[in-house]
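**Student:** The structure's right below; bear with me while I get my questions together.
What follows is calculated from the coordinates using simple rules that are stated; it is not laboratory data. Everything numeric in this text was worked out from a predicted model, so none of it was measured. With ideal geometry, Cβ positions are generated from the backbone for all residues, glycine too; neighbour counts draw on all protein chains shown.
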Amino acid sequence: MSATHDEEKNLDQLYRDVLFEHYRRPHHKGMLVGAEIVTKGNNPLCGDNVTVFGKLDAKGELLEHVHFDGKGCAICMASSSMMTDLLTGKTLDEAERLSNQVKAMLRNETLFKVPPELPDFEALEGVKKFPIRVKCATLAWTTMQNGILAYKVGKLECESSTENE
Ligand code: ZN
């Protein structure tokens with residue numbers, strides 16, 4: 001467990017509290033039965049492993065339910081939890097676009113408009129100050145993006161790694 005990383009100690013207290021709250025009580029954690037999208041990802045730099053689940057609506061257009069499972073550091077688990085919050089109810093195209101935006105925000109490539117209904121993303125944005133931890137935070141998003149791509153081409157399984165991202 002990497003919860004004692006110095007970077008986490010240096011995160012602003014407020015941001016750290018928000019992230020640890022997600023870590024302790026993650027949203028939508030656990031296997032999702034009947035999910036069309038089931039995809040694994042790992043971040044070997046930290047040892048984070050996640051599985052991301054997406055269950056589509058009857059038309060196969062939007063993500064009716066998004067879950068994640070796995071083990072990882074606090075930043076990875078918090079980011080995965082927030083990913084499920086943001087992507088639930090979104091179309092596959094929107095989910096891909098939003099994932100790109102969040103990843104660009106984490107890499108400090110772009111400004112991100114924090115959704116008013118999801119203020120916790122401001123805390124996630126704090127991770128960009130610690131480049132070595134950014135891949136912990138991008139893992140769930142990359143995994144979901146690859147899961148969506150695999151689903152669109154009819155592949156049932158895919159694995160992702162943020163190692164060379
Ligand atoms: Zn990590």
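**Student:** Rounded to the nearest 500, what is the chain's calculated 222 nm mean residue ellipticity when only DSSP H runs of at least 4 contribute -39500 (n - 2.57) each, over all residues?
**Tutor:** Value at 222 nm, helices only, nearest 500: -13000 deg cm²/dmol.
**Student:** Here is a follow-up. Could you identify which residue out of Pro116, Pro44, Pro131 has the top mean-square fluctuation in a GNM of the chain using Cα springs shorter than 10 Å?
**Tutor:** Looking only at Pro116, Pro44, Pro131, the largest GNM fluctuation is found for Pro116.
**Student:** Whole-Hz Karplus ³J(HN,Hα) for segment 146-158, in order, using 6.51 cos²θ - 1.76 cosθ + 1.60 and θ = phi - 60°, x for Gly and Pro?
**Tutor:** With the stated coefficients, segment 146-158 comes to 5, x, 5, 4, 4, 4, 5, 9, x, 7, 8, 10, 8 Hz.
**Student:** Give me the Kirkwood hydrodynamic radius of the chain, using the inverse of the mean 1/r over all pairs of distinct Cα atoms, in Å to one decimal.
**Tutor:** Evaluated over the chain, this radius sits at 15.5 Å.
**Student:** A follow-up question, please. Once phi is turned into θ = phi - 60°, what whole-Hz ³J(HN,Hα) does the Karplus curve with 6.51, -1.76 and 1.60 give for every residue of segment 79-93, x standing for Gly and Pro?
**Tutor:** Per residue, the Karplus-derived 3J(HN,Hα) values read 5, 5, 4, 5, 4, 5, 5, 6, 8, 4, x, 8, 6, 4, 5 Hz.
**Student:** List the cysteines of the chain that have no other Cys Cβ closer than 4.7 Å: which are they?
**Tutor:** So far as the 4.7 Å Cβ criterion goes, Cys46, Cys73, Cys158 stand without a partner in the chain.
**Student:** So, in Å, what gap is there between the alpha-carbon centers of segment 66-91 and segment 10-43?
**Tutor:** Segment 66-91 and segment 10-43 have Cα centres separated by 4 Å.
**Student:** Still on this structure: Highest first, please rank the peptides 14-21, 78-85 by the mean number of other Cβ atoms sitting within 10 Å of their residues.
**Tutor:** With the highest mean Cβ count within 10 Å placed first, the list reads 78-85, 14-21.
**Student:** Stretched out fully, how many nm does the piece from Val33 to Asp12 gain, at 0.36 nm a residue minus the Cα gap?
**Tutor:** Separation in residues times 0.36 nm, less the Cα-Cα distance, equals 3.8 nm.
**Student:** Quickly work out the Glu21-to-Glu61 label distance, labels modelled 7 Å from Cα along the C-beta direction, and quote it in nm with one decimal.
**Tutor:** 3.4 nm
**Student:** Can you tell me which lysines have their Cα less than 27 Å from the Cα of Lys90? Leave out same-chain residues fewer than eight positions away.
**Tutor:** Hits, sequence-local ones excluded: Lys29, Lys40, Lys55, Lys59, Lys71, Lys103, Lys113, Lys128, Lys135, Lys152, Lys155.
**Student:** Also, quick follow-up: Please turn the phi angles of segment 37-51 into ³J(HN,Hα) values with the Karplus equation 6.51 cos²θ - 1.76 cosθ + 1.60 (θ = phi - 60°), one per residue in order, whole Hz, x for glycine and proline.
**Tutor:** 9, 9, 9, 9, x, 9, 10, x, 5, 10, x, 7, 9, 10, 10
**Student:** Oh, and also: Can you list the residues, at least 5 places off or on another chain, whose amide H is less than 5 Å from the amide H of Ser161, using H built in the peptide plane?
**Tutor:** Long-range HN contacts for Ser161: Asn42.
**Student:** For Thr88, Thr138, which order do you get if you count the other beta carbons within 10 Å of each Cβ and list the fewest first?
**Tutor:** Listing Thr88, Thr138 from fewest to most nearby Cβ atoms yields Thr88, Thr138.
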